[in-house]
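The values are calculated or read from the model by the stated rules, or taken from the named source; none is laboratory data. This one's a predicted model, so the numbers in the text were calculated from it and none came from an experiment. Neighbour counts run over all protein chains shown; Cβ positions are idealised from the backbone, glycine included.
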């Protein structure tokens, strides 16, 4: 017994192909094809070697790499699937240029921020260097002052030592004489 089978509407037509085909099949052949087709769906292959290709795949594989379960939006030109962000995007040059322009703008903004941070760090470093130079100058002056103080102390010790070692006679000469009461 022959029966006519139409491809179900749930299977989208491939571009440029007719939407339906009439086949002359026996009932057994039609049942076998229906059983085989019930386990398959059209998924959309997108990987490193193929940007976009509708393919029949077992139901359980649809949605797993490299087969996307949902088709790209019709307005997307030259579609390819971004598996990290889970969305279709266009590989057309216009979209790529827009993406590059946005990336360049973001990088310029970050570069300006980094330049500001670098300038602030350099100003802080210059300020610290100036303060350190001031501290070094103060320490040098303190060493010089300390050296002068040591020289003064040494001179004073010499004077005191020479006074302490003078003979007693010279000490007597320096005593004031007292007038006698005679």
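Only one residue in 71, 79, 66 is closer than 19 Å to residue 49 by Cα, touching a residue at least 40 places away in the same chain (Cβ under 8 Å) and surrounded by 12 or more Cβ atoms within 10 Å (Cβ to Cβ). Which one?
Values: 79 fails: touching a residue at least 40 places away in the same chain (Cβ under 8 Å); 66 fails: touching a residue at least 40 places away in the same chain (Cβ under 8 Å).
One residue alone meets the criteria, 71.
Return the residues of region 35-48 that are touching a helix residue (DSSP H, G or I) at 6+ places or on another chain (Cβ under 8 Å) and either surrounded by 14 or more Cβ atoms within 10 Å (Cβ to Cβ) or within 13 Å of residue 82 (Cα to Cα) (or both); say none if nothing qualifies. Give the steps one after another, and end with the answer.
Start the filter on region 35-48 by keeping residues that are touching a helix residue (DSSP H, G or I) at 6+ places or on another chain (Cβ under 8 Å), which leaves 39-41, 43.
Passing the criteria: 40, 41, 43.
Out of curiosity, is residue 26 over 27 Å from residue 89 (Cα atoms) and modelled with pLDDT of 90 or more? Talk me through it step by step, then tell me what you get.
Working: over 27 Å from residue 89 (Cα atoms): yes; modelled with pLDDT of 90 or more: yes.
Considered against the rule, which asks whether it is over 27 Å from residue 89 (Cα atoms) and modelled with pLDDT of 90 or more, residue 26 comes out as yes.
Scan region 82-121 for residues that are closer than 21 Å to residue 52 by Cα, assigned to a helix (DSSP H, G or I) and either in contact (Cβ under 8 Å) with a residue 24 or more places away in the chain or within 22 Å of the chain's Cα centre (by Cα) (or both) and jot them down. It would help to see each step written out before you state the result.
Step one: of region 82-121, the residues closer than 21 Å to residue 52 by Cα are 82-97, 99.
Checking the rest, the ones that are also assigned to a helix (DSSP H, G or I) come to 93-97, 99.
Within region 82-121, 99 is the sole residue that qualifies.
Could you list, in sequence order, the residues of region 49-62 that are loosely packed, with under 15 Cβ neighbours inside 10 Å and either farther than 18 Å from residue 89 by Cβ or free of Cβ contacts under 8 Å to residues at least 12 places away in the same chain (or both)?
49, 53, 56, 58, 59, 60
Looking at (1) loosely packed, with under 10 Cβ neighbours inside 10 Å; (2) in a loop (DSSP other than H, G, I, E, B), which is the one condition that is false for residue 162?
Tallying (1) loosely packed, with under 10 Cβ neighbours inside 10 Å; (2) in a loop (DSSP other than H, G, I, E, B), residue 162 fails exactly one: (2).
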